[in-house]
Structures are given as C-alpha cells and as structure tokens.
Amino acid sequence: MVRADARDNRARILDTARAALAEDGATSMNKIAQAAGVGPGTLYRHFPTREDLVLAVYQDEVDRLVGTVPVLLADHQPLEALRRWTTELVEAMRKKHGLGAAISPDAYQQAAERSYGPVIGAITELMDAGKADGTIRADADPGDFLQFTAALWRAAPGPEDRSPRMLALLLDALSV
C-alpha cells in the first residue's frame, strides 16, 4: 500500500512536470523536483529516469482523458461529447508527439501501445452511446475514427488550426 504522502508527492511531481515540460521540454529533473517542493531523491524514487517521468506524465494524461468519458456523456449528447473528447485527444496527441525527442523510439512505441486500448475503449463508449440514441451511424468504427484523428493533431495549432473544421466534417460524416 502506498502512503498518502508518497501518493501526494507523486501527483505533485506529475502536475509540476506536466506544466514544466509543456513550457520547456528540456527542463531538468532537479528544476522539476524543486518546483514540486520535493527533494531530488523523492523525484528519482518515483521516476528513476527522465524518460520514466515523461512517460508517466503522458500516461497520466491518457488516464485523465479516458476518465472524462462518463462525465461528458452525462452532460452532453453523444455526438457533442465525442467532439469535446476528441478535441482534448488532439491536444494530448500533439503533446505526445512532442515527447518524441525526449524519449527513446522504443519508449515512444510502448507509450503508444499502452494508450491504444484505453483510447479505443473511450471512443467505443462514446460511439456506442451515439449508436444507441440514433445520432451516430451504426457502421462507425472506433479504430477508423482514431486513425482520422492523426490528421487532426498534425494540423498546425494556433490561429490557423484547421483541426476544428476537420473534426466538424468528420463528425458530420458519422451523423445519421
């Protein structure tokens, strides 16, 4: 069993690392420890390498994203829930793509493989809700949808970000 203070330290390190890495992908482990209010030993006990930390930040983001599905479905119609969730997925994929330089190709591949199942599961849940209420085509496939999202996260972010328009077209194609 993990002690509460160790669990809190880990969560604080991940939150700090997420923000620090988003701001500067080359932020040192020592700066992250200092900003999180923990000693280097605590940081390295939880995350022995920089790669371990980067992968944990990414996995934490995937877990958070997957965990939002029930709330989105409770608050929105399935198609709107899928739109909101996919917008968040695109942001997460853009961040993950940026991790490529910070981790080894093998670790990058492992992160992609670990996240695939939960992400497909989340898309399936969203699509199944839309199929059940008749707003999403019965032949809509979660794997196909995920493949299309690759084009969305590759669209340049910023004022010229085409991903919202592209997502609208994709969701229109899924609509009954």
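Note that region 14-29 has calculated 3J(HN,Hα) couplings of 4, 4, 5, 5, 4, 5, 5, 5, 5, 7, 8, x, 9, 3, 6, 4 Hz, one per residue in order, obtained from phi through the Karplus relation 6.51 cos²θ - 1.76 cosθ + 1.60 (θ = phi - 60°); glycine and proline are x. With helices as the sole contributors, the chain gives -25000 deg cm²/dmol at 222 nm; each DSSP H run of n ≥ 4 counts as -39500 (n - 2.57), and the sum is divided by every residue.
Computed over region 1-119, relative contact order equals 27 percent, with contacts defined as Cα pairs under 8 Å that lie 6+ residues apart.
When the label point is put 7 Å from the Cα of Gln59 along its Cα-to-beta-carbon vector, which residues of region 99-142 have a backbone N closer than 14 Å? It comes to 107-118, nothing else. Applying the Karplus relation 6.51 cos²θ - 1.76 cosθ + 1.60 with θ = phi - 60° to region 58-71 yields 3J(HN,Hα) values of 5, 4, 4, 5, 4, 4, 4, 4, 4, x, 7, 4, x, 5 Hz, where x marks Gly and Pro.
Here the contact order of region 93-167, divided by its residue count and restricted to Cα pairs under 8 Å and six or more residues apart, works out to 23 percent. For the chain, the longest principal axis of the alpha carbon atoms and the long axis of helix 142-154 meet at an angle near 60°.
Between Tyr44 and Asp144, the distance separating the two model label sites (each 7 Å from Cα on the Cα→Cβ line) works out to 5.2 nm. In terms of the Cα gyration tensor, with a ≥ b ≥ c the square roots of its eigenvalues, is the chain rounded because a/c is under 1.5, prolate because a/b exceeds b/c, or oblate? Prolate, since a/c reaches 1.5 and a/b exceeds b/c.
Taken over region 1-46, the ratio of Cα radius of gyration to 2.2 N^0.38 Å equals 1.10. Remark: relative contact order (region 47-176) = 29 percent; criterion is Cα-Cα distance under 8 angstrom and separation of 6 or more residues. About its Cα centre, the dipole of the chain is roughly 480 debye, where the only charges are +1 on Lys and Arg Cβ and -1 on Asp and Glu Cβ.
For the chain, the fraction of 1.4 Å probe accessible surface lying on carbon and sulfur atoms is 55 percent.
When the chain is treated as a GNM with alpha-carbon contacts under 10 Å, the residue of Ala81, Ala26, Ala56 showing the greatest mean-square fluctuation is Ala26. Heavy-atom accessible area for Phe148, with the other protein chains in place and a 1.4 Å probe, reaches approximately 120 Å².
Amide H contacts under 5 Å for Ile136: Lys131, Val176, restricted to partners 5 or more places along the chain or on a different chain, H placed in the peptide plane at 1.01 Å from N. The residues of the chain expose on average 56 square angstrom of accessible surface per residue, using a 1.4 Å probe on protein heavy atoms.
The values are calculated or read from the model by the stated rules, or taken from the named source; none is laboratory data. Every value quoted in this text rests on a predicted model; they were computed, and no experiment measured them. Cβ atoms come from the backbone with ideal geometry, glycine included; neighbour counts cover every protein chain shown. Only protein heavy atoms, including side chains, enter the accessible area calculation; ligands, DNA and RNA are left aside. Shrake-Rupley method; radii C 1.70, N 1.55, O 1.52, S 1.80 Å.
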